[in-house]
Each structure stands twice: as structure tokens, then as C-alpha cells.
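Worksheet: the structure to be examined is printed underneath.
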Amino acid sequence: MSRRSKKQFSVGEEVRAKWPGSSLWFKATIKSIEDDDVFVTFEDGTEDVVRKNDISRDGSFRSRSKSPARRAGRRSRSRSPARRKPSPARQKKTSPARQQKGSPGRPKKVSQGPARQQKEKEDKKSENNPAPAQTTVIPDETPRRSSRRTVVSSTATTETRTYGTRSAVKAGKQTIDAPLESFSTRVAKTTHYEFGGPIGATLTVFFLPLAMYYFYFACGKNKCELTLKPGFSRKFADYYDPEAYLMFCGWMVFQAALYMLPIGKSCLGQQLKNGSRLSYRLNGFLAFFLSICAFAGLVYKGYPVTKVYDKFLPLMTASIIFSFVMSSLLYIRAKFVANSQLAPGGNSHCTIYDWFIGHELNPRIGNFDLKFFCELRPGLIGWIMIDLAFLVKALESGTPMDNLPMILLVCFHTLYVADALWCEDAILTTMDITSDGFGFMLVFGDLAWVPFVYSLQARFLVDHSVTMAYRNYYLAAIVCLGLFGYYIFRSSNCQKNMFRKNPNNPALKDLATIQTPNKKLLVGGWWGMVQHPNYLGDIMMAFSWSLFCGCKSIFVYFYPFYLTVLLVHRQRRDDYHCRQKYGPAWDKYTQLVPYRIFPKLY
């Protein structure tokens with residue numbers, strides 16, 4: 001055994017840490033310290049929380065085994081001398097199925113823990129210099145003992161990891177899953193603040209709703225221009241309308257009912273910190289289609305859908321109030337869940353910051369995932385419903401040709417939302433789902449900001465006509481810009497999703513990659529041009545939508561400028577997380593692909 005140091009440890013110090021659930025010690029770097037819990041990063045990039053008693057000074061540590069290969073193959077549980085080696089009968093007992101997987105008569109090799117990378121290097125050396133290979137025989141387990149490193153059990157799913165043969169992997173018929181490690185169920189205290197920390201979160205909570213009201217009053221029916229006195233209404237009745245509030249609540253209930261329909265395929269999300277994977281029902285495109293059909297039915301029956309235009313202000317107020325209430329209930333709920341269910345970025349123990357960024361990672365009521373539901377359903381589909389109501393309002397006072405810019409704008413918005421819902425499974429790999437908690441930041445953005453701010457361009461076109469010379473040529477050029485941006489956006493996202501599902505996909509065999517300790521990084525195709533080509537396409541589409549409104553007001557260009565700032569900030573957050581996760585491999589990637597979003601510019 002090693003002699004543990006009694007001195008205090010410091011952040012950034014290189015130490016030896018015991019791998020959780022085993023008696024093995026490996027090199028690690030301390031990231032943060034909270035009481036007796038220490039958040040460390042092992043030499044292979046794995047991050048985990050260990051106890052202070054399981055850490056030793058690197059210099060004072062004396063390894064029990066000098067052979068990395070033997071250390072990697074050693075079992076995590078200690079064995080009595082009688083059980084360290086399997087009996088001869090067990091060694092000879094090999095099923096025909098097991099013999100077919102490997103070479104006849106040879107036992108199966110295993111490698112576990114953070115020494116996996118070093119073990120792979122030794123395997124490559126042994127291939128170049130043939131030598132008698134050491135093998136580790138897997139003894140049969142008794143029914144009462146199961147290996148933690150081959151099966152992960154949770155309430156969400158039970159998953160068994162398998163390893164494919166080289167020929168199958170190269171042919172693209174089989175993929176090699178990442179090695180399944182021992183997972184810690186404890187989420188460390190958040191030490192890295194984003195969005196300016198507690199002060200930035202407080203200011204954001206105050207100014208975002210205020211900005212929504214400013215846009216409404218500054219860009220109205222008579223004029224749409226920047227002003228210091230937008231003329232806020234002081235009448236309570238303008239903000240509170242019972243019918244509008246019922247309309248908003250009815251819309252939420254309608255979308256929730258569509259979400260619960262037992263239609264659509266089920267998909268597993270990304271692996272969580274505790275090793276489990278949540279199941280999601282993918283029927284967002286069906287909900288979108290049924291919502292449009294319901295809107296068309298209301299128009300056909302003569303229901304005044306233009307009430308959305310008339311009651312826009314109280315509807316917007318209802319969404320803001322709902323966001324504050326829901327965020328508070330989510331934070332209170334998170335106080336009663338296990339530590340393993342908290343978000344890694346929202347466990348700072350600062351109430352306002354955790355409430356803003358999200359305290360719980362995946363809040364669920366039974367199988368109803370609140371974050372996944374709000375991400376793409378009520379807000380995005382509601383945005384299109386508002387656009388369609390504005391279009392009906394515009395057609396009441398003009399011909400289709402007079403409202404051609406409005407029609408093209410609504411078509412582009414509809415294509416954008418339909419694309420997001422058709423590729424609904426792609427959101428399961430995004431930062432919003434995998435790492436961000438569900439708090440005010442996402443709730444307000446999904447339910448209030450997206451539908452009532454992103455529809456600003458359509459609301460402008462209802463009240464202000466666009467007249468210009470060579471209008472048809474101008475509109476044709478805008479359509480080309482928007483379609484080209486959509487092509488970049490969709491094709492780059494398809495490459496990314498295909499690569500994440502199967503890095504050895506034959507369709508991607510010609511694209512360059514970089515190997516990291518955990519996975520590969522794609523540096524070919526669109527992803528070899530800039531680090532985020534999907535952001536580039538998104539921004540191009542956003543500017544094309546604003547161009548439909550002409551140059552009468554700067555307000556209509558708020559969305560593309562806001563989206564650019566948002567995506568630049570998101571890119572920096574992603575860069576920080578990837579640098580922490582991949583280390584030198586990420587530095588190599590940024591050297592090969594230096595431009596982040598805009599080629600030759602940024």
C-alpha cells in the first residue's frame with residue numbers, strides 16, 4: 001500500500017488517485033476541492049470525484065505493480081489467494097460460442113480502467129515484435145456477483161458494452177463503443193461560472209423581459225425605430241387578458257398531449273455521468289404536422305385566428321409569467337432529488353445562479369421529460385403558429401403578390417422549424433441536453449423569447465409594406481442566399497450526426513479525423529473548413545430573413561445580430577468544455593482548423 005500524505009492538497013496539483021471502486025492508483029490532476037470530495041482528471045481524460053483519503057502525493061506513492069499491462073487487467077475487487085487464479089476446470093471450460101469469437105482455444109482478452117490507452121500502445125508494439133502474449137482469463141462469475149465494468153444498470157436502461165473485431169469495424173459493419181468505466185454518482189460543486197456569474201445572471205433575468213416589451217412598443221403599427229421612450233403602456237388591462245392567458249395555457253396542454261402520444265420511435269440519449277442513458281420518444285414532426293392541420297381547421301371553420309395579432313402583448317406577458325413560475329418550481333424540485341441528478345454547471349450553491357442556469361439536469365415526471373419537451377415543441381411550433389396568424393392578418397388587407405415577402409419569410413421559417421423537428425434526435429447530442437441544467441435560461445428562451453422575438457420580422461411585415469425597385473430580382477437573390485445557408489447548415493449537421501453515431505461509417509471514410517483518448521474528432525468535410533460550419537449556415541439564413549423586410553428599420557435586423565453574438569458565445573463555451581475534455585488533441589484540432597465560424601475572419 002502507498003503511504004498517504006497528510007498535507008492539504010491544492011487545485012492543479014498532480015497526484016496519484018485511487019480509481020473509484022478499485023484498489024488501483026493512477027496519475028491525476030486536481031480540478032477542485034470541496035470538503036472531503038476532490039474532483040480530479042485522470043491521465044486518460046476521465047473526470048471523477050474521489051475522497052481525500054484516496055489521494056496521495058505523486059512523489060510519495062509507490063506502485064504495487066510495475067507492469068501497466070498487468071495493472072490494467074487486474075480486477076477491481078480484491079480476491080482472496082484462493083480465488084486469484086481460476087481453477088483448471090474453469091480454465092478449460094470454454095463455450096463454443098466464445099471460441100468462435102476469438103482464435104480457437106484462446107481465452108478472451110480484456111482491458112479496463114484508465115490504463116486502456118497505455119495497454120493499446122503495448123498491443124501495437126507486440127504486433128510489430130511478436131512475443132508470447134499474456135492473457136487474462138475471465139472466470140465465470142457466481143450469480144451473486146456481477147461486473148460493474150461490463151454492465152450498467154439504472155432505472156432508465158440496462159446496457160451491455162461489446163467490442164467488435166477489426167475487420168468488422170473497418171468495413172463499417174460494427175462500431176467499437178467507448179470503454180465502460182466505473183461511474184461516480186456524485187456531482188461536484190460548480191466552480192466555473194458562465195454568463196457573468198451571479199451578477200450576470202441577475203442582470204439577464206431583469207433585462208431580457210424588459211427587452212421583449214421594448215421591441216413590442218418601439219416597433220409598432222405606426223413606426224418601428226430606435227428610441228429612448230418607446231411609450232410603454234401603463235394600463236393593466238393591456239397586459240392581462242383572461243382569454244389570452246387561457247389561449248397560452250391551452251397551447252401548452254395541447255402540445256403536452258401530442259408529446260405523450262405513443263407514436264414515433266424511441267431513442268436513447270447520450271450517456272450520463274452515472275453511466276445510464278435516458279429514453280426519448282421522437283414524435284416532434286408529427287406534433288408539428290398536427291398543429292398546422294389544427295390551425296388550418298380553425299381557419300376553415302372561420303375561427304378568428306388573428307386574435308393572436310390582436311392579443312400579442314398579453315400572450316407575451318403570459319409566456320413571461322409562466323417562465324418565471326416554471327423555473328421556480330423546477331429549482332424547488334431540484335432540492336429534493338439525488339445529487340447524481342444535478343447539472344454539472346448548476347451546482348454552485350448560489351441560489352440565483354443555479355435557478356438561472358438550471359439546477360437539475362434532466363427533470364422528468366414519469367416518462368415526461370420537461371427539458372426535451374420545451375426545447376422544440378411549444379416555443380418553436382408556437383413561432384410558426386404566430387407567423388401563420390400574422391400571414392392571415394396580412395392577407396385580409398392585401399393580395400398574395402402584395403405580401404410576397406411575407407409569404408417567402410413564413411415559408412423559410414416553416415422550413416427551418418420542420419427541419420429541426422424532422423431531425424429531432426440530433427438535439428440529444430447538443431449542449432442544452434447533455435450538460436446544461438433546466439432553469440430560467442432555457443425555460444425563458446424556449447417558451448417566451450423564441451416565439452415572441454423571432455416573429456418580429458413577420459409582425460413588421462403585417463404593419464409595414466416593402467416597396468423597392470427590381471423587387472422580384474431582389475427577392476430571388478435573398479432566396480438563393482437563404483437556400484445556400486440552409487444547405488451548409490443541414491449538410492454539416494448531417495456529417496456531424498453520422499460521425500457521432502458511427503465514426504467508422506463508410507460514407508465518412510475519406511474525411512480526416514484526430515484520435516483522442518476517448519473518441520475521434522472530425523476534421524474533414526465542412527468541419528475542416530471552420531470549427532462550426534452549422535453556425536455559419538444558421539447566420540446566413542438569419543440575415544436572409546431580415547432582408548425580406550428591406551431597409552426601413554434596424555429593428556428587423558436584431559435577430560441575425562443577436563444570433564451571431566449568441567453563437568459566438570456558445571462557440572466559446574463549447575471550446576472551453578472541449579479543451580477540458582480532449583486536452584492536447586483539441587489543441588491539435590484548433591491548429592488544423594483555426595477559423596471558428598467565419599472563414600478567413602473569425
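One table, with the values for the structure above:
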{"read-out": "Unique residue being in the same structural domain as Ala244 (by TED's automatic domain parsing) and within 24 Å of Gln271 (Cα to Cα) when the list is Ile357, Ile332, Ile352", "value": "Ile357"}
{"read-out": "Number of the condition not met by Ala296 [criteria: (1) part of a helix (DSSP H, G or I); (2) under 22 Å from Ala418 (Cβ atoms); (3) within 23 Å of the chain's Cα centre (by Cα)]", "value": "(3)"}
{"read-out": "Residue count for segment 192-237, restricted to those that are modelled with pLDDT under 90 and polar (S, T, N, Q)", "value": "3"}
{"read-out": "Answer residue from segment 217-243, given it is in contact with a helix residue (DSSP H, G or I) (Cβ under 6 Å, 6 or more places away or on another chain) and within 23 Å of Cys549 (Cα to Cα) and is surrounded by the most Cβ atoms within 10 Å (Cβ to Cβ) among those", "value": "Cys219"}
{"read-out": "Enumeration of residues in segment 501-535 that are within 22 Å of the chain's Cα centre (by Cα), of a type in the set (A, V, I, L, M) and within 22 Å of Gln270 (Cβ to Cβ)", "value": "Ile514, Leu521, Leu522, Val523"}
{"read-out": "Qualifying residue in segment 587-596 (condition: free of Cβ contacts under 8 Å to residues at least 24 places away in the same chain, outside any loop (DSSP other than H, G, I, E, B) and either of a type in the set (Val, Ile, Thr) or surrounded by 14 or more Cβ atoms within 10 Å (Cβ to Cβ) (or both))", "value": "no"}
{"read-out": "Subset of segment 274-289 (residues that are under 24 Å from the mean Cα position of the chain (by Cα) and in a helix (DSSP H, G or I))", "value": "Gly284, Phe285, Leu286, Ala287, Phe288"}
{"read-out": "Enumeration of residues in segment 218-273 that are part of a helix (DSSP H, G or I), closer than 26 Å to Ile384 by Cα and of a type in the set (Phe, Trp, Tyr)", "value": "Tyr239, Tyr245, Phe248, Trp251, Phe254, Tyr259"}
{"read-out": "Residue that is surrounded by the fewest Cβ atoms within 10 Å (Cβ to Cβ), among those in segment 545-586 that are of a type in the set (Val, Ile, Thr) and in contact with a helix residue (DSSP H, G or I) (Cβ under 6 Å, 6 or more places away or on another chain)", "value": "Thr564"}
{"read-out": "All positions within segment 353-396 that are more than 18 Å from the chain's Cα centre (by Cα), of a type in the set (Gly, Ala, Ser) and closer than 26 Å to Asn283 by Cβ", "value": "Gly366, Gly382, Ala389"}
{"read-out": "From the options Ile539, Ile514, Ile488, residue that is on the phi < 0 side of the Ramachandran plot, in contact (Cβ under 8 Å) with a residue 24 or more places away in the chain and surrounded by fewer than 18 Cβ atoms within 10 Å (Cβ to Cβ)", "value": "Ile514"}
{"read-out": "Residues satisfying the stated conditions in segment 299-312, i.e. without any contact (Cβ under 8 Å) to a residue 12 or more places away in the chain and not in a helix (DSSP H, G or I)", "value": "Lys301, Gly302, Tyr303, Pro304"}
{"read-out": "Residue among Ala477, Ala458 that alone is among the aliphatic types (A, V, I, L, M) and either surrounded by 16 or more Cβ atoms within 10 Å (Cβ to Cβ) or touching a residue at least 12 places away in the same chain (Cβ under 8 Å) (or both)", "value": "Ala458"}
{"read-out": "Among the residues listed as Ala211, Ala188, the single one being of a type outside the set (Ser, Thr, Tyr) and either touching a Gly at 6+ places or on another chain (Cβ under 6 Å) or closer than 18 Å to Pro451 by Cα (or both)", "value": "Ala211"}
{"read-out": "Residues within segment 296-325 that are under 16 Å from Met252 (Cα atoms) and buried (at least 18 other Cβ atoms within 10 Å of the Cβ), tallied", "value": "10"}
{"read-out": "Pairs where the first residue, in segment 326-346, is touching a residue at least 60 places away in the same chain (Cβ under 8 Å) and surrounded by 19 or more Cβ atoms within 10 Å (Cβ to Cβ) and the second is β-branched (Val, Ile, Thr) and part of a helix (DSSP H, G or I), C-beta under 7 Å, 6+ apart", "value": "Met326/Val443; Ser327/Val443; Gly345/Ile357; Gly346/Ile357"}
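The values are calculated or read from the model by the stated rules, or taken from the named source; none is laboratory data. What you are looking at is a predicted structure, and each value in this text was computed from that prediction instead of being measured. Glycine gets a Cβ as well: all are built from the backbone with ideal geometry, and neighbour counts include every protein chain shown.
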